[in-house]
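Here the structure is laid out as structure tokens; the discussion comes afterwards.
We did not get these values from a lab; they are worked out from the coordinates using the rules stated. This structure is a prediction, so every number in the text was calculated from the model and none was measured. Counting neighbours? That spans all protein chains shown, and the Cβs are built from the backbone with ideal geometry, glycine included.
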Amino acid sequence: MNKTKYIFITGGVVSSLGKGIAASSIGALLEARGLNITMQKLDPYINVDPGTMNPFQHGEVFVTDDGAETDLDLGHYERFTSLSLTKKNNLTSGQVYDAVINNERKGTYLGKTVQVIPHITDEIKKRIIEASDGKDVAIIEIGGTVGDIESLPFLEAIRQFKLDKGKDNVLYIHLTLVPFIKTADELKTKPTQHSVKELRAIGIEPSIIICRADRVLPQDIREKIALFCNVEADAVITAKDEESIYDVPLSLHKEKLDSKIIEYLNIWAKSPDLNEWTNISETLKTLKNLVTIAVVGKYVNLKESYKSLNESLIHGGLANNVSVNIKYINSEDFEADDWKERLKELEGCSGILVPGGFGSRGINGMLKAINYARSSNIPYFGICLGMQLMTVEYARNVLGLKEANSYEFDEITPDPVISIMDDQKDIGNMGGTMRLGAYPCVISKNTLAYQIYYKNNKKYSADNKNSVKLNHDGNISISERHRHRFEFNNKYREKFKASGFVFSGVSPDDKLIEICELKDHPWYIGCQFHPEFKSSPLYPHPLFKEFIAAALRYSNALIGVQTKVKTKNKNKVKDKKRKTAAA
Ligand code: GLN
């Protein structure tokens, strides 16, 4: 049987150093060396999961196939590796305490005093072991920054791990910041020294220190850090600021991080095959075209809220050799008195996307953007809420159901085109009514959705975690991740269909609408699920790939029209000159 080796990654000095990206890159490098890995995030907050947390505060909620609402770092893990994670891969203090308190109530601890050590720490260790079962290497990232009171039980648990599992099987990696102070013209190692000191005070001695810096650390700085932090000089690794997060695996490999890891963990692994990462990195540097995509939503001020969406658009660009300029627009801008003027912001865009969201704020602005996309023939992509509003807009402005709405925003609308299913209505607890995780969808032939998935089927499904199946009856079956409460109301299906609205994807029992589109529009599609949770740079999601392709066609056509107008104008001027010269 395999003996799992454990890598624990902690962070120091400041937050936002890219610990999740560093951990994911280590995952990518170890997989490239043929190792069977898993990844786990330990989050010190008391919430049981981030599902109920405000996206402004916490960023995106990532959803796994098994319906866990997790920290957004799991999105990075999945994008950088071949992993399809589950609820086991994200552990919060809330979950740990919840389990321990439940055990105490059940009498599991036989009347003992229940304490942080050993009860909480044992529960943490148990869950790390459960999530790593059968893997060669488990990479475990500890959220927060060393020095936070909240993360202490996690740090204590991982300290004990080395005693439990032996020193060859456990490796601590610490990520810090080495700032360059302009006025002194010097790189500063003191914050790193302090952070490592703090970690050592609680009994954890990191063997590798990854230093985030704006430049590659010179040898003397490495040696200084090595001396003061008690590590080998070649275990001081620079994590240089890179233009793209997808350059990080290569950049850390250049620093020999992966060889140092396998040396310390005493594992045999082949030399890494990094061709695919090299391709991505090179493609990103030589992208030929540029398209601007407007993302009209409500959490636009915090980019972290749309993390996976942002990345998926970049993947779509990569697949088309296009650089994607994402223009985040607050939908409330289109609700102001001068909304017509503001809507002009969309004129220069080659695609409009309305992402997922909850609550009524900004809805009318989104509807205006959708109406603009439909009537101006600009490629439109609606995700979850963006798909639901696509049907509301259509009902109001094409079917003449002026007060049509989603039940979420208007409980007494005469036309709830988006509603809550009857069997959901009885459940008092709103959390319980969410449709979460992977659900199958069947796509009908002769639709845009069919073309999109069919065309990209091979490349996309080459990754074992993405399944696109061609069925005997000619349809396609897919599986996509969901996170929503409301659904398209089947009472309106026929009415929509009769006027050219197409329901191209449905649940296998035909009860739920999953994808809809419009026939007489170049690219107008909405999906009830979240394709952004299943896209990666190596395997761009077909919907994002084709959305960017459509945006590029639109932009080229626009340039074509503009150059035609310009040449026409130029010719006019020439004609005039000729005429005047002749006269
Ligand atoms: N608020 C909508 C619902 O609950 C859409 C959710 C979403 O976009 N994720 O159904």
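Overview of results
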quantity	calculated
Gain on full stretching of the segment that runs from Lys167 to Glu411 - 0.36 nm per residue minus C-alpha separation	81.8 nm
Set of aspartates and glutamates near Lys491 by C-alpha distance (under 14 Å), chain-local residues within fewer than 8 positions excluded	Asp415, Asp422, Asp510
Whole-angstrom gap from the range 505-559 to the range 1-67, using each part's C-alpha centre	28
Extension gain, Gln219 back to Lys285 (0.36 nm per residue minus Cα-Cα distance, nm)	20.9 nm
Subset of Lys465/Lys495; Lys197/Lys260; Lys458/Lys495; Lys125/Lys260; Lys3/Lys240 violating a 27 Å alpha-carbon distance limit	Lys465/Lys495; Lys458/Lys495; Lys3/Lys240
Convex hull volume per residue for the range 340-487, taking Cα atoms only, in Å³	157
Options Val14, Tyr554, Phe358, ranked by Cα towards positive dipole end of the chain, top entry (Cβ charges)	Tyr554
Peptides ranked, highest mean first, by Cβ atoms within 10 Å: ranges 467-480, 21-34, 392-405	21-34, 392-405, 467-480
Sorted by Cβ neighbour density within 10 Å, fewest at the top, the residues Asp49, Asp133	Asp133, Asp49
Shape parameters for the range 155-289, alpha-carbon atoms, Rg then Dmax in Å	16.7, 54
Inter-part distance where the range 88-138 and the range 375-400 are each reduced to a Cα centre, Å	47
Label-point gap, in nm, between Met421 and Asn47 - each point 7 angstrom along Cα→Cβ	2.6
Cross-link table Lys5/Lys256; Lys5/Lys534; Lys298/Lys344, entries beyond 23 Å C-alpha to C-alpha	Lys5/Lys534
Rounded tilt (10° steps) of 448-461 against the dominant C-alpha axis of the chain	30
Hits among lysines - C-alpha to C-alpha of Lys497 under 28 Å, sequence gap 8 or more where chains match	Lys368, Lys402, Lys425, Lys445, Lys455, Lys469, Lys511, Lys519, Lys545
Calculated P(r) of the range 3-132 - Cα pairs past 23 Å, %	38
Relative contact order of the chain, pairs being alpha-carbon contacts under 8 Å that are 6 or more residues apart, as %	14
Listed peptides 58-70, 440-452 by packing density, highest first (mean Cβ within 10 Å)	58-70, 440-452
Asp122 versus Leu558: modelled label distance in nm, points set 7 Å from Cα along the beta carbon direction	6.3
Förster radius 56 Å - calculated FRET efficiency between Arg493 and Lys190 (Cβ-Cβ, nearest 0.05)	0.30
Given charges at Cβ of Lys, Arg, Asp, Glu: the chain dipole, positive-most of Asn89, Leu367, Leu187	Leu367
The chain, helix-only ellipticity at 222 nm - DSSP H runs n ≥ 4, -39,500 (n - 2.57), divided by all residues, nearest 500	-12000 deg cm²/dmol
Viscosity 1.306 mPa s, 10 °C: Kirkwood-radius Stokes-Einstein D of the range 59-135 over Cα pairs, µm²/s	113
Stretchable slack from Ser259 to Glu104, in nm (0.36 nm times residue separation minus alpha-carbon distance)	51.4 nm
Cα pair distances exceeding 33 angstrom across the chain, given as percent	49
With eigenvalues of the C-alpha gyration tensor scaled by 5 and rooted, the range 466-562, Å	25, 20, 13
Packing-based exposure ordering (other Cβ within 10 Å, fewest first) of Thr189, Thr52	Thr52, Thr189
Where labels lie 7 Å past Cα in the beta-carbon direction, separation of Asp234 and Asn471 in nm	5.7
Options Leu175, Pro531, Met434, ranked by Cα towards positive dipole end of the chain, top entry (Cβ charges)	Pro531
Check: the range 219-299 dipole with +1 on Lys, Arg Cβ and -1 on Asp, Glu Cβ, in debye	260
Scattering profile of the range 177-252 at q = 0.22, 0.25, 0.26, 0.27 Å⁻¹ [log10 I(q)/I(0), Debye over alpha-carbon scatterers]	-1.00, -1.17, -1.22, -1.27
Overall dimensions of the range 212-326 as given by Cα atoms, namely Rg and Dmax in Å	18.3, 51
